[in-house]
1. Out of the residues in the stretch 56-88 that are assigned to a loop (DSSP other than H, G, I, E, B) and out of contact with any helix residue (DSSP H, G or I) (no Cβ under 7 Å at 6 or more places or on another chain), which is farthest from residue 127 (Cα to Cα)?
2. Might you let me know whether the stretch 111-129 holds any residue that is of a type in the set (Val, Ile, Thr), touching an Asp or Glu at 6+ places or on another chain (Cβ under 9 Å) and closer than 26 Å to residue 36 by Cβ?
3. Identify, from the list 151, 93, the residue that is touching a residue at least 12 places away in the same chain (Cβ under 8 Å), loosely packed, with under 14 Cβ neighbours inside 10 Å and farther than 30 Å from residue 4 by Cβ.
4. Go through the stretch 1-49 and give me each residue that's crowded, with 21+ Cβ neighbours inside 10 Å, in contact with an Asp or Glu (Cβ under 8 Å, 6 or more places away or on another chain) and within 30 Å of residue 113 (Cα to Cα).
5. Name the single residue, out of those in the stretch 30-55 being among the polar types (S, T, N, Q) and part of a loop (DSSP other than H, G, I, E, B), that is nearest to the chain's Cα centre (by Cα).
6. Condition first: crowded, with 17+ Cβ neighbours inside 10 Å and under 11 Å from residue 133 (Cβ atoms). Now tell me which residues in the stretch 54-67 satisfy that.
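Where a number appears in this text, it was derived from the coordinates with a stated rule and is not lab data. Values in this document were obtained by computation on a predicted structure and should not be read as measured data. Using ideal geometry, Cβ is built from the backbone for each residue, glycine included, and neighbour counts are taken over all protein chains shown.
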Amino acid sequence: MNRDQVLLKLEKAWNSFRESYAGLGAEQMSLPGVVEDWSVKDLIAHVSWWEEESLKHLPHILEGKRPPRYSVLYGGIDAFNAKMTELKRSLSLDEVLRQAVETHGRLVNYLAGVPDDVFERETRFRRRLRLDTYSHYPIHTASIRAWREKLLQN
């Protein structure tokens, strides 16, 4: 793959994620139960904070450094997600949506300036990017769509 192919894959998955909650009202987006006790709003914040993690760690990976392990820093990824959920729950829906769009834009802009060679094969950089973004978004896209189907049936 090259940069354009990676960015296209990222944008297709991002747009699909955004379409999964398009048209929902604020009340619906705040209902728990989409994934356990998470709401659509929580899932949007979740996707956004993983993009923030990419922005934080991808530059270090480019320098040949290894990001710190979540198991060491937080007690694991689940503990990190729980901590971030609590930090983001107090944000308004508008703020979560604004942060999501802003963070995604910063990520895409950052990727535009990265050397081409990191996209050409499965580098540590591209693996981290994939896990935090275009293979991550579809998981939550599917969850939101399944939850919406249940809403329609009730």
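1. 75
2. Scanning the stretch 111-129 turns up no residue that is of a type in the set (Val, Ile, Thr), touching an Asp or Glu at 6+ places or on another chain (Cβ under 9 Å) and closer than 26 Å to residue 36 by Cβ.
3. Matching residue, one of 151, 93: 151.
4. none
5. So, considering only residues that are among the polar types (S, T, N, Q) and part of a loop (DSSP other than H, G, I, E, B), the one nearest to the chain's Cα centre (by Cα) is 39.
6. 54, 58
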